[in-house]
1. Could you run through the stretch 134-146 and say how many residues are more than 8 Å from the ligand (Cβ to nearest atom) and in a helix (DSSP H, G or I)?
2. Of the numbered conditions (1) in contact (Cβ under 8 Å) with a residue 12 or more places away in the chain; (2) within 16 Å of the ligand (Cβ to nearest atom), Gly120 satisfies every one except a single condition; which is it?
3. I need every pair where a residue in the stretch 131-149 that is assigned by TED's automatic domain parsing to the domain that holds Pro201 and at pLDDT 95 or above has its Cβ under 7 Å from the Cβ of a residue that is basic (Lys, Arg) and within 9 Å of the ligand (Cβ to nearest atom), sequence separation at least 6 or different chains.
4. With the requirement that a residue be part of a helix (DSSP H, G or I), under 31 Å from the mean Cα position of the chain (by Cα) and not hydrophobic (A, V, I, L, M, F, W, C), what does the stretch 210-248 give you?
5. Please go through the stretch 183-195 and give me each residue that is in a loop (DSSP other than H, G, I, E, B) and of a type outside the set (D, E, K, R), ordered by number.
6. Every residue in the stretch 178-194 that is among the small types (Gly, Ala, Ser) and under 21 Å from Ile212 (Cα atoms), please.
7. Can you tell me how many residues in the stretch 201-237 are of a type in the set (Asp, Glu) and within 13 Å of the ligand (Cβ to nearest atom)?
8. If you scan the stretch 147-171, which residues turn out to be more than 10 Å from the ligand (Cβ to nearest atom) and over 13 Å from Val279 (Cα atoms)?
Amino acid sequence: MTEIPEHLLKRSRERRAAIGQGGDQPTDEATAAGAPAAAVEKSASATPAAAPPPPSGPAARTAAAEPAAPKPPKPDPPYVVAAKQRRKVPFWAMATLSLMPVWGFLYIRALTDGGHTSAGPTAAGAEVYGNCASCHGGSGGGGVGYAFTDGEILKTFPKIEDQVRYVTYGTEQYNLAGVEVYGNPDREGGAHITGEKGVMPGFGGQLSAYEIVEVICHERYTLGGADPTSEEYAAEYEAWCSAEAPVFDAVESGELDLLALEEAEEFAVNGETVVVTPVGPAPIAGSAAAGE
Ligand code: HEC
C-alpha cells in the first residue's frame, strides 16, 4: 500500500472541516484541493483499508464514493456456466478413447483383408449371401425357398456345376428351356421339380460368375454342412472353395468362363485330378452324384 503523504491528508481534513463535513473523509476532497491526478488515484485505492467506513455523510455523497471500490466480477455468460457445470470425461474413459484410433485401424484392416484372397471364396460367400437370406433364411434354414442345412443342398446338387447353373439361370429360364428336374433326379427324399416351391430368381445378371461360386461355396460348406476334409468333398473344396482354389481363381480372373466352356476341363489339385464340366449357355437337366 502506498502511503498518502501526511500533508495531503491534513489539507483534506482542513477543507472538510471548513465546509462542515468532518475531517475524517480524506479522499474526494483531495481532488478539489488540486492534488496531482496520480496522487488521487493512489489515494482512492488506498483508502478503503486505511479509512473507516464513511460514517455520517449525506446519502448522495456515500453513493458517489462507492464506485471507487473494485467492481464485483462480471457474472459468467450462460455458455461459460454450462461449460463449467458440464461433467468432465473421466480418466478411465480417456484411456479407452485414446485407443479408438488403434481400434479403428484394426477394424478397417480386418474389413479390407477379408476378401477371398486371404479367407477364400467360402468366407466371401457369406457376404454375397445377403442376396439370398430373405428367402432362404439367414442361416439357410429355409423360408420361401428351400433349406440348405443338414446336407439338403448336397442332396439336390451332388455336383457343384449343377448348382452354379441353377443359381445363374433361375426358375424362369428352366421353365423356358423345359427342364423339369434341375437337380439330382434320384434325389433322396424326391427330386426337386422346377417351380414346385416357387420362383427362384436367376442371378446371372446380378452377380458376377465368381460371386456365384462364392455364395455356392457358402451354401454348401458353411450352411449345408459339407465336410471339406471328407473323402467325398475334399477334392471339390480344394478345387472350388478353399483359399487357393484353382477353379475359383480361374473363374475370378476370367480365364475360365463356366457358361462358355464346351468340354470338361481338368484341374490338378494336390496331386488329384478334378474335372470341371460345362455349365452351358442355357439350363440343362441336373445330374446324379459325381462319377455316376
Ligand atoms: C425371392 C426369393 C428368393 C431369393 C432372393 C433367392 N432364392 Fe433361391 N430359391 C427360391 C425358391 C422359391 C426356390 C425353389 C424354386 C422352385 O421350386 O423351383 C429356390 C431354390 C434355390 C435353390 C435350390 C435348392 C434345392 O434344394 O432345390 C438354390 C441352390 C438356391 N435357391 C440358391 C439361391 C441363392 C444362391 C440365392 C442368392 C444369390 C437365392 N437362392 C435367392 C427363392 C429365392
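The values are calculated or read from the model by the stated rules, or taken from the named source; none is laboratory data. Being a predicted model, the structure only gives us computed values, none of them experimental. Because the Cβ atoms are built from the backbone with ideal geometry, glycine has one as well, and the counts that use them run over all protein chains shown.
1. 0
2. Here Gly120 meets the rest and fails (2).
3. From residues that are assigned by TED's automatic domain parsing to the domain that holds Pro201 and at pLDDT 95 or above, the pairs are Gly145/Lys197; Tyr146/Lys197.
4. Within the stretch 210-248, Tyr210, Glu211, Glu214, His218, Glu219, Arg220, Tyr221, Thr222 meet the criteria.
5. Listed by number, the residues that qualify are Gly183, Asn184, Pro185, Gly189, Gly190, Ala191, His192, Thr194, Gly195.
6. If the condition is that a residue be among the small types (Gly, Ala, Ser) and under 21 Å from Ile212 (Cα atoms), then Gly183 is the only one that fits.
7. 3
8. Thr149, Asp150, Gly151, Pro158
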